[in-house]
Structures are given as structure tokens and as C-alpha cells.
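Down below is the structure, laid out as C-alpha cells.
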Amino acid sequence: MHFPTTCPRCRRQVRAEYSDSGIHELTCPHCGSAFSVYLRKHKFEVLFDLGTRALMDGYAREAVASFAGSLERFFEFYTRAATLERAAGQGEDFGEVSAQLEQVWKLMAAQSERQLGAFSLAYLWREGQAPDFLTPQALGSDFRNRVIHRGYLPPRSEVDAYAARVFALIDRLLTRLGEAATHAQLEQERLYAVHLAAQPPEVFAVFEEHPGMFRVRRFGGQVGTKAGQPKTLPPSPANDAAAFQLALRERGALLGTVFGGVERAAVRGDTAPPDPA
Ligand SMILES: [Zn+2]
């Protein structure tokens, strides 16, 4: 999948292929400038938006894998955010905790069952109650496995219902996380900063934020809950399907701009370098 970006030097549009790391090293096909696009978006957001886009384009079956991947990556996001939040509360060094977390994650990176276990404990510690929503039925695991592993061709209505279930679950947990989400964001920012520092000075850095189906708390002006606050998940509007449809109406159109235009967040260097010609 690609997204359009703008060359910081000649201002013409360039197509970038989504990278797994969120860092996109590009060379402008028009003027030859090298630049890097740092996407301020988490993996679960990108995957869910890709799934929504596939659904809107009529690729319902293909969308299922993206929604399932989004949910798995969200559980990782929650686990990381909760762990880093806890460490910050105890005054521990962010860099050290982050490095240790990386080591621990390697132990479960290849097995989603282990990740689910880690998430369950993180949830229990943060919320003070068991994640009773983690039943195979509530997660739509059987549907997901039939589609992904057994070649089941689902009707659109079943994919809609699965998307709505995943959306509502992530949306509610994100609200619960509140400001804690910024801890996971800080991890991403630090990775980007390391990459940026290693870049030659002539390579432009472009930071982009794209609209999407979720409203993830970013730095500044945040609302949300902290660990220890009321222990119920906020109610969704009427039901899962209604929550997903509402988000589709409000934010689905924005996905068109993700693939057809972008919100420019910040560009390092206001002026283009001198033209060698
Ligand atoms: Zn250019």
C-alpha cells in the first residue's frame, strides 16, 4: 500500500510505500532529493485504516487480515503503554525500561498467545480487574481463523460485524488508556530521533500525521483516564455496530485523504537546499 507525500524540496507529489518501521527513506523522482518521512501513527492504526479502506473498496475478505492484525498490534500497544506508564510512575529511566521491554517482547514476538497473556496481566495490573472481554467469541477468533487459515469466503455483513467488534474493543481500551498512550508514542519518537540523528545532514526529515479511524492521544491537550480511576469501560454508543458506523461516517471520508493527500505536521528546514544546477 502507498500513500502520497510531498517532496520537501520541489513540492511535487511522491508516492511512498508504507514501511513496517514507520520510517520511509525516499528519493524524489522529480528532483532527485533524498528525504525521510516519519509517520506518527501506530501500527494498529495503520492496519485498521488499511482494513477499513479495503472494506470501502469492496475487498471484504482481504480486510479481515488487516483488522485481525490491528487487534494484535493494539494488544502490544496497550501492554507497552501500560508498562512504560507504570515505570514512569516509579521514576524509572524511560530509556532503560524501554530497552528491557524490547528484550522481553522478543520472547513473545513470534507467538500471539504469549502476547495475549502479557496483555492480560498488564490489563489486570492497570485496571484492577480481569479482561473478561478476552473470550474467543468476543474476539471473533473463530471467524478470523476460518477466513485467514481455511479460505472461508465471508459475506460482507459478517466482515462488517467483525470490523465493528474490533473497532469497539480498541476504541474503548484506548479511552481507558488515555494519556498512557503517549508513553508508547514517546517510544516511537525516540526511535525516530535515533534514525534522524544518524542521517546525513542533506537528507530532509518530514514528520507526518495522517487522519484515521482512531483518535489516539498524542502529546498535548490530552484527555483520558489514569490507572486507578473508575474501573468500567466507557459505554459505546448503543452497540458495536453503531460505534463503527459512526466512526465510518465521521472519519471514513478522511481515509480518502490518507491515500489522496496528507496533513503535513512538520517539516524540518523551512527552505529547500540550494539547487546545484
Ligand atoms: Zn523533489
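The values are calculated or read from the model by the stated rules, or taken from the named source; none is laboratory data. Since we're looking at a predicted model, the values are computed, not measured. Glycine gets a Cβ as well: all are built from the backbone with ideal geometry, and neighbour counts include every protein chain shown.
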(message) Whether any residue in region 29-40 is touching a helix residue (DSSP H, G or I) at 6+ places or on another chain (Cβ under 9 Å), within 16 Å of the ligand (Cβ to nearest atom) and either among the small types (Gly, Ala, Ser) or at pLDDT 95 or above (or both) is what I want to check.
(response) yes
(message) Six or more apart or on different chains, Cβ atoms under 9 Å: show the pairs whose first residue is in region 138-167 and more than 18 Å from Asp57 (Cα to Cα) and whose second is acidic (Asp, Glu) and not in a helix (DSSP H, G or I).
(response) Ala138/Asp132
(request) Looking only at region 145-162, count how many residues are crowded, with 20+ Cβ neighbours inside 10 Å and modelled with pLDDT under 95. (result) 0
(request) Would you check which residues across region 46-78 are surrounded by fewer than 24 Cβ atoms within 10 Å (Cβ to Cβ) and charged (D, E, K, R) and list them? (result) Arg53, Asp57, Arg61, Glu62, Glu72, Arg73, Glu76
(request) Please give the number of the condition Ser66 fails out of (1) touching a residue at least 24 places away in the same chain (Cβ under 8 Å); (2) within 28 Å of Arg251 (Cβ to Cβ). (result) (1)
(request) Test each condition in (1) over 20 Å from the mean Cα position of the chain (by Cα); (2) aliphatic (A, V, I, L, M); (3) more than 14 Å from Phe67 (Cβ to Cβ) for Ala161 and report the one that comes out false. (result) (3)
(request) Count, please, the residues in region 17-28 that happen to be surrounded by fewer than 18 Cβ atoms within 10 Å (Cβ to Cβ) and either more than 13 Å from the ligand (Cβ to nearest atom) or assigned to a helix (DSSP H, G or I) (or both). (result) 7
(message) Between Leu71, Leu55, which is modelled with pLDDT under 95 and within 26 Å of Asp20 (Cβ to Cβ)?
(response) Leu55
(request) Could you grab me the full set of residues in region 1-16 that are assigned to a strand (DSSP E or B), touching a residue at least 24 places away in the same chain (Cβ under 8 Å) and within 16 Å of the ligand (Cβ to nearest atom)? (result) Pro4, Thr5, Thr6
(message) Just to be sure I understand the filter: pairs with C-beta atoms under 7 Å, separated by 6 or more residues or on different chains, first member in region 30-57 and more than 22 Å from His183 (Cβ to Cβ), second member among the small types (Gly, Ala, Ser) and assigned to a strand (DSSP E or B). Which pairs pass?
(response) Ser36/Ala205; Val37/Ala16
(request) Would you point out which residue out of Ala109, Ala88, Ala81 is touching a helix residue (DSSP H, G or I) at 6+ places or on another chain (Cβ under 6 Å) and either surrounded by 12 or more Cβ atoms within 10 Å (Cβ to Cβ) or in contact (Cβ under 8 Å) with a residue 12 or more places away in the chain (or both)? (result) Ala81
